[in-house]
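*Asks:* Just dropping this structure here.
Read the figures in this text as sums done on the coordinates, not as results from a lab. Values in this document were obtained by computation on a predicted structure and should not be read as measured data. Neighbour counts run over all protein chains shown; Cβ positions are idealised from the backbone, glycine included.
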Amino acid sequence: MAKRVLVKFSGEALAGESGFGIESGILDYIAMELKTLVNSGIQVGIVIGGGNFIRGVSASQGGIIRRTSGDHMGMLATIINGVAMQEALEYHGINVRVQSALEIKEVCETYINRRAMRHLEKGRVVIFVAGTGNPFFTTDTAATLRAVEIEAEVIIKATKVDGVYDKDPAKYADATMLKHISYEQALKDNIKVMDDTAIALAKDNALPIVVCNMFKKGNLLAILKQEENAIYSKVSN
Ligand code: UDP
């Protein structure tokens with residue numbers, strides 16, 4: 001069983017049906033799923049996106065907001081999500097810390113790798129917010145970076161679909177799920193597991209990427225326990 005993992009949720013996932021904001025029922029569900037990992041002795045780091053509030057690319061589309069500012073806005077959105085997730089985890093009795101790549105010290109800790117490692121060792125969940133702290137990156141890249149930095153054995157990208165498909169399952173009925181693909185294939189075939197920067201970083205550091213459906217109850221733990229019934233796709237060497 002993996003001892004330390006980084007789980008990445010998209011911001012959109014928190015929004016539920018409405019596609020915007022935070023649905024408390026989903027926060028609650030995710031917290032309970034993560035609790036099963038913590039109770040099994042797994043050390044958990046989390047990165048949440050910000051797409052349920054704002055994405056830099058979309059915000060800057062009208063030409064009024066510069067991309068850099070749009071990205072700053074996007075990073076701030078991830079802080080909102082992280083603070084919300086902290087509350088949900090604490091509600092379920094889990095020890096948790098939020099660490100931000102941008103200093104916002106009245107709200108949460110600033111990201112310090114050694115401090116994060118210590119929290120994890122003590123069984124605290126660490127939520128990494130504000131992405132990498134730099135514009136022109138995504139939270140997928142931030143999640144991969146933090147996963148490598150905290151020496152996680154695997155990064156789990158928790159999505160709305162069961163795994164990686166050869167084509168878009170929403171558009172094509174004959175799309176088939178791929179159990180395993182190589183980093184090269186993920187980059188070459190333009191399979192949108194994560195953006196290229198994130199995949200390249202995972203590849204350089206031989207960090208396996210697991211893609212799974214966050215709404216399949218018990219699946220996260222089943223994956224980490226390498227159970228037969230676990231449903232996921234894996235990108236690795
Ligand atoms: N962002 C950024 N640098 C980072 C991570 C994120 O500038 O290192 C900004 C970027 O504008 C992005 C937004 O934060 O669009 C929200 O993140 P993302 O789109 O990755 O969220 P998700 O799609 O996972 O909800």
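*Asks:* Along its principal axes, what span do the Cα atoms of region 52-190 show, with the longest given first and each in whole Å?
*Replies:* 49, 43, 29
*Asks:* May I ask for the distance between the Cα centers of region 6-48 and region 173-218, given as a whole number of Å?
*Replies:* The distance from the Cα centre of region 6-48 to that of region 173-218 comes to 20 Å.
*Asks:* Separate question: Counting just the Cα atoms, what span does the chain cover along each of its three principal axes? Round to the nearest Å and put the largest first.
*Replies:* 48, 46, 36
*Asks:* Sticking with this structure for a sec: What relative contact order, as a whole-number percentage, does the chain give when Cα pairs under 8 Å and 6 or more residues apart are counted?
*Replies:* On the way: 494 pairs, mean separation 49.6, N = 237.
Computed value for the chain: 21 percent relative contact order.
*Asks:* Would you list 48, 65 from fewest to most Cβ contacts within 10 Å? Could you put the intermediate results ahead of the total?
*Replies:* Working: 48 29, 65 17.
Ordered from fewest to most neighbouring Cβ atoms within 10 Å, 48, 65 come out as 65, 48.
*Asks:* Could you rank the peptides 170-176, 124-130 by their average count of other C-beta atoms within 10 Å per residue, with the highest value first? Please list the in-between numbers first.
*Replies:* Values: 170-176: 9.0, 124-130: 26.1.
So the peptides 170-176, 124-130, ranked by packing, come out 124-130, 170-176.
*Asks:* Determine the gain in length on full extension of the stretch residue 3-residue 69; use 0.36 nm per residue of separation and subtract their C-alpha separation, reporting nm with one decimal.
*Replies:* On the way: separation 66, 0.36 × 66 = 23.76 nm, distance 3.76 nm.
Extending this stretch completely gives an extra 20.0 nm.
*Asks:* Which loop-located GluC sites (Glu not before Pro) does region 155-237 contain, where loop means any DSSP state but H, G, I, E or B and the Cβ has at most 15 other Cβ atoms within 10 Å? Before the final figure, lay out each step's value.
*Replies:* Numbers: sites: 184, 227, 228; in loops: 227, 228.
For GluC sites (Glu not before Pro) across region 155-237 that sit outside H, G, I, E and B with at most 15 neighbouring Cβ atoms in 10 Å, the list reads 227, 228.
*Asks:* Can you pull out the trypsin sites (Lys or Arg not before Pro) in region 30-81 whose DSSP state is coil and whose Cβ has at most 15 other Cβ atoms within 10 Å? Mind showing how you got there, number by number?
*Replies:* Working: sites: 35, 55, 66, 67; in loops: 55, 66.
In loop regions of region 30-81 (DSSP not H, G, I, E or B), the sparsely surrounded trypsin sites (Lys or Arg not before Pro) are 66.
*Asks:* Mind putting a number on the dipole of the chain about its Cα centre? Charges go on the C-beta only, +1 for Lys and Arg and -1 for Asp and Glu, and I need it in Debye to the nearest 20. It would help to have the intermediate numbers written out before the result.
*Replies:* On the way: 27 positive and 27 negative charges, 78 e Å.
So the dipole magnitude of the chain works out to roughly 380 debye.
*Asks:* Is it possible to state the helix-based mean residue ellipticity at 222 nm for the chain, with each DSSP H run of 4+ residues giving -39500 (n - 2.57), the sum divided by total residues, to the nearest 500 deg cm²/dmol? What is it? Spell out each step's value before the answer.
*Replies:* Numbers: 9 runs with 91 residues, N = 237.
So the calculated ellipticity at 222 nm is -11500 deg cm²/dmol.
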